[in-house]
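Read through the structure below, which is laid out as structure tokens, and then see the notes.
Every read-out reported here was derived from the displayed coordinates using simple, explicitly stated rules and does not represent laboratory data. Since this is a predicted model, take the numbers as computed values, not measurements. No Cβ is skipped: glycine too gets one built from the backbone with ideal geometry, and neighbour counts run over all protein chains shown.
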């Protein structure tokens with residue numbers, strides 16, 4: 001009998017090759033030929049699954065985003081300790097930080113795509129037309145907090161979600177550059193969530209900006 005091919009697995013294999021190349025040398029290094037060599041497959045197979053280079057780049061990013069969403073769901077399901085709106089939101093935000101090799105690579109891949117989109121209008125248009133799924137997810141979690149009384153009713157969940165995402169963008173960069181420790185980045189997430197959710201919170205409490213458990217963070221400059 002002919003060997004049955006797992007097409008999703010093969011697409012993932014090729015996408016991972018794109019990620020490795022992009023995270024090392026940027027998207028300029030991502031050609032059909034180089035991706036094929038990195039994935040250990042023929043260039044014809046890459047074209048069979050993805051067609052053009054543009055389609056390959058877009059699909060590889062879509063697959064990475066799907067993997068990211070799956071990892072976040074696994075973290076939420078596996079946490080078990082705090083199934084509250086704040087706890088789930090914290091889990092999602094911490095999952096976005098580059099705290100291990102996979103998440104560091106994910107950050108570098110997204111950075112490579114951002115740089116490329118500055119000069120590639122077709123790629124930039126793809127980003128503009130992509131629904132803000134993550135932003136909507138955070139907004140729903142904040143809305144859940146409002147429903148339970150943990151978040152003030154006057155809070156605009158969409159605006160708060162945008163602020164949280166932009167904060168994460170900055171924290172990702174500072175962690176990768178070594179300007180801030182992972183613990184300091186997580187402490188800042190906790191600080192933001194303590195302000196968003198209805199809790200007594202003093203400016204000198206553990207996790208305030210510039211401190212981690214009462215100690216100064218390592219951010220420089």
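How would you classify region 80-199 from its alpha-carbon gyration tensor, with a ≥ b ≥ c the square roots of the eigenvalues: rounded for a/c under 1.5, else prolate if a/b is greater than b/c, otherwise oblate? Oblate. Among 148-161, 37-50, 183-196, the peptide with the highest mean count of other Cβ atoms within 10 Å heads the list, and the full ranking is 183-196, 37-50, 148-161. For the peptides 86-97, 111-122, the ranking by mean Cβ contacts within 10 Å, running from highest to lowest, is 86-97, 111-122.
Of interest is the spacing of the C-alpha centroids, which for region 35-87 and region 141-163 amounts to 29 Å. Mean sequence separation of contacting Cα pairs (under 8 Å, at least six apart), scaled by the length of the chain, corresponds to a relative contact order of 16 percent. Shape class of region 1-97 from the alpha-carbon gyration tensor: prolate, with a/c at 1.5 or above and a/b greater than b/c. Computed over the chain, the per-residue total of -39500 (n - 2.57) for DSSP H runs of n ≥ 4 gives a 222 nm mean residue ellipticity of -22000 deg cm²/dmol, rounded to 500. Applying 0.36 nm per residue to the separation of residue 153 and residue 13 and subtracting their alpha-carbon distance, the gain on full extension is 45.8 nm. The residues 7, 102, when put in order of fewest to most other Cβ atoms within 10 Å, stand as 7, 102.
Please work out which option in (1) 8, 33, 39, 18, 3, 0; (2) 8, 35, 34, 16, 5, 2, 1; (3) 7, 28, 31, 21, 10, 3, 0 gives P(r) over Cα pairs in 10 Å bins from 0, in percent calculated from these coordinates, and answer with its label. After the calculation, the listed value that fits is (3).
The simple Förster model, with R0 at 35 Å and r as the Cβ-Cβ distance, assigns residue 119 and residue 62 a FRET efficiency of 0.95. Gain on full extension, evaluated as 0.36 nm per residue between residue 75 and residue 104 minus their Cα-Cα distance, stands at 8.7 nm. Across region 53-128, the mean sequence separation of Cα contacts (distance under 8 Å, 6 or more residues apart), normalised by length, yields a relative contact order of 26 percent. Compared with the direct C-alpha span, the chain from residue 167 to residue 48 gains 38.9 nm at full extension, assuming 0.36 nm per residue. Mean sequence separation of contacting Cα pairs (under 8 Å, at least six apart), scaled by the length of region 80-199, corresponds to a relative contact order of 35 percent.
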